[in-house]
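Beneath this line is the structure, given in structure tokens, with notes to follow.
Values quoted throughout were computed directly from the atomic coordinates according to the rules given, and no laboratory measurement underlies them. Since we're looking at a predicted model, the values are computed, not measured. Here the Cβ positions follow ideal geometry from the backbone for every residue, glycine too, while neighbour counts run over all protein chains shown.
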Amino acid sequence: MIPPAFEYARPASVDEAVRALADAGEEAKVLAGGQSLLPLLRLRLAFPELVVDVGRIPELRGVREDGEALAIGALTTHHDVIHDPLVRRYAGLLAGATATVADPAVRHRGTLGGSLAHADPAGDLPAVALALDAELVAVGPAGRRTIPAREFFLDYLQSALSPDELLVEVRIPKTEGWGFHYEKFQRVAQAWAIVGVAALVRRADGHIAEARIGLTNMGSTPVRATAAERALAGADGPEAVARAAEAAAEGTRPSQDLSASPEYREHLARVLTRRAVLTAGGMG
Ligand SMILES: Cc1cc2nc3c(=O)[nH]c(=O)nc-3n(C[C@H](O)[C@H](O)[C@H](O)COP(=O)(O)OP(=O)(O)OC[C@H]3O[C@@H](n4cnc5c(N)ncnc54)[C@H](O)[C@@H]3O)c2cc1C
């Protein structure tokens, strides 16, 4: 399919990009890796008057250490996230989950910032950002602001970014010493998740001291399985983990589609949470 006609801008800096977005108002769209936006344009599900291609802004790429956090440029590709030594050391959950996204071709073009800004609850990385307590840094005409991941995903394909804001950085508190695992249930390899579970586990004295669980595709936004997180505190073996994982679907509102019914997704959330936590906690 041929996309509708649009104006095209390729700014060289964040300031230039924000000015272009502000001038165009609601009629502009940011283009990062294009792996979600281009299909939408081709299917004529989006009609921007202006596409602002941020792909040539070097300051938006790369990973650096910033005290107790990693700062990852929004335009860092999935491929670069997976292979970055700092991400592997301090945010292994993100590296592991990103390796399950699509196929190598998509991972070479698609970006971390694009995946979060797109706010697709079926995407793997929004739930991971929630579990990691990430912060998203946006720049707009009014300046820079930091949005906790918990406040970023508002609804299906809707984030807290306003149309004139650019997501510039994703800040991830270091989780060195935590166990982690992303358990993705998909029909075939390299497909989207029917349900996914991002688990982080901190153990102390032979039991789980703290667990954080992010759920993919269990509602119109990614969600934290807070009831299961509470129940997991103190769990000291596989049976206790299995009991706690029974609470994984509490408070979720999964959708019905060609792949699964809501009830099946709830079942998957419980099973995958048990598996993800056992692996993350080294108890499997
Ligand atoms: C065949 C295929 C399979 C896929 N499978 C998976 C999968 O299994 N799991 C998964 O998680 N994802 C999957 N994806 C999606 C992929 O991860 C995309 O890379 C990602 O969703 C969007 O990233 P992007 O950089 O391509 O963003 P784009 O497509 O360029 O943009 C997506 C949206 O985000 C906005 N945006 C992008 N960057 C910014 C920014 N810096 N600031 C503000 N707004 C911004 C755009 O305006 C647009 O609305 C798949 C994609 C394809 C084509």
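The table below lists the values:
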read-out	value
Cα gyration tensor shape for the stretch 140-284, rounded if a/c is under 1.5, else prolate or oblate	oblate
Length-normalised contact order for the chain - Cα pairs under 8 Å, 6+ apart - percent	16
Zone residues, the stretch 32-50, relative to residue 1, backbone N less than 16 Å from point 7 Å out along Cα-to-Cβ	35-48
Within the stretch 178-271, trypsin sites (Lys or Arg not before Pro) in DSSP loop having at most 15 other beta-carbon neighbours inside 10 Å	187
Gap separating the Cα centres of the stretch 52-80 and the stretch 118-157, nearest whole Å	15
Residue-wise HN-Hα coupling along the stretch 83-98, computed from phi with Karplus coefficients 6.51, -1.76, 1.60 (Hz; x: Gly, Pro)	9, 6, x, 5, 5, 5, 7, 9, 9, x, 4, 5, 4, x, 5, 5
Mean-position separation - Cα centroids, the stretch 90-114 and the stretch 204-277, in angstrom	22
Sequence ranges 93-103, 36-46, ranked by mean other-Cβ count within 10 angstrom, highest first	93-103, 36-46
Contour minus Cα-Cα distance for residue 44 and residue 233 (0.36 nm per residue)	63.3 nm
Relative contact order for the stretch 92-234, counting Cα pairs under 8 Å that sit 6 or more residues apart, in percent	26
Convex hull volume per residue for the stretch 1-156, taking Cα atoms only, in Å³	118
The chain: antiparallel DSSP beta bridges as a percent of all, rounded to 5	85
MRE, 222 nm, helices only [DSSP H, n ≥ 4, -39500 (n - 2.57), over the chain, to nearest 500]	-9000 deg cm²/dmol
Whole-number percent relative contact order across the stretch 179-280, with pairs defined as alpha carbons under 8 Å at least 6 apart	30
Nearest 10 degrees, 0 to 90: helix 14-24 Cα axis against the chain principal axis	70
The chain: angle of helix 262-280 to the longest principal axis, Cα-based, in degrees nearest 10	70
Cα centre as origin, Lys/Arg/Asp/Glu Cβ charges: the chain dipole, Debye	660
Span per principal axis, largest first, for the Cα atoms of the chain (Å)	58, 45, 33
